[in-house]
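The values are calculated or read from the model by the stated rules, or taken from the named source; none is laboratory data. This one's a predicted model, so the numbers in the text were calculated from it and none came from an experiment. We place every Cβ from the backbone using ideal geometry, glycine too, and count neighbours over all the protein chains shown. All accessible areas refer to the heavy atoms of the entire protein, side chains included, with ligands and DNA or RNA removed. Shrake-Rupley method; radii C 1.70, N 1.55, O 1.52, S 1.80 Å.
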Amino acid sequence: MLIKTPKSSDLKESEVTPENVYLNRRDLLKGLGFLGAGALLANSASANAIDWFSKEEKVKFKTTPLKYQADANSNNLILTPENKVTTHNNFYEFGAQKQQPAELSQSFKVNPWQLTISGECDNPITLDYDDLTTMFALEERIYRLRCVEAWSMNIPWIGFSLADLLKKVVPNSSAKYVFFETLHDPIQMPGQANRRLGGGIAYPYVEGLRIDEAMNPLTLLSVGLYGKTLPPQNGAPIRLVVPWKYGFKSIKSIVSIKLVSEQPQTTWHKLAANEYGFYANVNPKHDHPRWSQSSERHITSGGLFARNRIKTLPFNGYGEQVAHLYKGMDLRKYY
């Protein structure tokens, strides 16, 4: 897979990552071992995340450094600490408040799991829990995450290209869009059972991409972060990451991927079409109806409400890789 190599002026991985984390990671990144699911623990925001680094099982993977533009504020280059990534979450299935997903998801069971890939394709398949981490070579990618609420993080995801999975099922000529669906399990996901807790949205959560967006090399299916399996509040066991779009497009805990011929309805667009478009490309020139999108609060090692304001970049800084997908489109109309 071709991921554009940063220019010589771009930040090196050792400069992106805090020094103490970087030095430890150089030993750890010699191998990535998957330990399997086992019993899920509680009492910690990341208790369900399994440490993948194992002496017994070693799987090599490559690291793709954070892509950034030189005019970005330097704060945009700092890796967000793991404890912030796992405790500041939008996952309404476990509550609409930022701390609730970490608090209310720790008994969530991800094994067994089934992910079906079907629809307009020649070779539909169903993956089980082990397939998610063994069918494709895993790699670590450090991506920006930009929320539509105007905050952002830099996160080291582990996963594989969505394009690799779609190629395996062989899309046919009618496949124009890709439709994603989150698990619907009101017993395990209290936000699905309680309208007030779950933010009043209709479940199951659904999202969609155009087929060329889905096949772009940047589009990732993530099964881990910070060298561990995904915690439930971050979308265990598998989630989408589309770094040039607002975070609500990166659907979590996926059980179905379907190739379809028509543009699918998506959760937030159905709820408030004037606020949340189908495309949801990060665009500092197109404000949300209730707030500006020209800048963002970047969450780093400071306090949760530290004033780390940085300028928002078009396509979240990934325009060189994705702007061609929207050539000739009015991005204010197709927001």
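Can you list the residues, at least 5 places off or on another chain, whose amide H is less than 5 Å from the amide H of residue 238, using H built in the peptide plane?
253, 254
Stretch residue 295-residue 324 to full length: gain in nm at 0.36 nm per residue minus the Cα-Cα span? Before the final figure, lay out each step's value.
Details: separation 29, 0.36 × 29 = 10.44 nm, distance 2.36 nm.
Contour length minus Cα-Cα distance gives 8.1 nm.
Given an 8 Å cut-off on Cα distances and at least 6 residues of separation, report the relative contact order of region 103-148 as a percent.
Result for region 103-148 is 26 percent.
Take the alpha-carbon centre of region 267-319, take the same for region 136-172, and report the distance between them in whole Å.
For region 267-319 versus region 136-172, the Cα centre distance is 19 Å.
From the phi of every residue in region 133-139, what ³J(HN,Hα) in whole Hz does the Karplus formula 6.51 cos²θ - 1.76 cosθ + 1.60 yield, where θ is phi - 60° and glycine or proline is x?
Calculated HN-Hα couplings, in order: 10, 10, 6, 10, 5, 8, 9 Hz.
With a 1.4 Å probe and every protein chain left in place, tell me how much accessible area residue 121 has, in Å² to the nearest 10.
Taking all protein chains as shown, residue 121 has close to 20 Å².
If amide H atoms are built 1.01 Å from N in the plane of the peptide, which residues on other chains or at least 5 residues away come under 5 Å of the amide H of residue 205?
Distant-sequence amide H within range of residue 205: 182.
Quick query: amide H of residue 224 versus all other amide H atoms, modeled in the peptide plane; which residues come in under 5 Å with a sequence gap of 5 or more or a different chain?
Amide H neighbours of residue 224, under 5 Å, 5+ apart: 158, 230.
What size of dipole, in debye to the nearest 20, comes out for region 108-196 about its Cα centre when the only charges are +1 on Lys and Arg C-beta atoms and -1 on Asp and Glu C-beta atoms?
The dipole of region 108-196 has a size of about 420 debye.
Leaving ligands, DNA and RNA out of it, work out the accessible area of residue 177 with a 1.4 Å probe and give it in Å² to the nearest 10.
40 Å²
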